[in-house]
Amino acid sequence: MSHKDHDHDHDHGHCLEMFKKLSEYIDGELDQLNCDELEKHLEDCSACKICMVTLKQTVNLCREVKDNPVPEGFSHKMAAFIEALQKEKEGLRPPKPAKKL
Ligand SMILES: [Zn+2]
């Protein structure tokens, strides 16, 4: 392919919208329309997909430990996580220089 990996009308604001739906999605509380939208977005967006998988694992873990819903502070932590992911994606370069100059 000759085109660069241009972010095909994919703005990160949309990622955050999708992210807000992730916990409902994982809980199976999301309606079909939103589910479809989310799944479509996940096909397109590896950052969100990683988040979804991570969130799912974390939620499962939480459920194993306690038979409780996800704690309220949880979404804050995930928001920070998403932010970090997005920064990485925007940077698209190795995290650290391998050598000192
Ligand atoms: Zn996304």
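If neighbour count is taken as other Cβ atoms inside 10 Å, put His14, His76 in order from fewest to most. Walk me through the intermediate numbers first.
Details: His14 15, His76 10.
Listing His14, His76 from fewest to most nearby Cβ atoms yields His76, His14.
Taking neighbour counts of Cβ atoms within 10 Å as a proxy for exposure, in what order, fewest first, do Phe19, Phe74 appear? List each step's numbers first, then the result.
Working: Phe19 22, Phe74 15.
Taking fewest neighbouring Cβ atoms as first place, the list is Phe74, Phe19.
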For the pair Ala80 and Thr54, how long in nm is the line joining their label points, each one 7 Å along Cα→Cβ? 1.2 nm
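Any read-out appearing in this document is the output of simple, stated calculations on the displayed coordinates, not a laboratory observation. For clarity, every value in this text was computed on a predicted model and none was experimentally measured. Neighbour counts run over all protein chains shown; Cβ positions are idealised from the backbone, glycine included.
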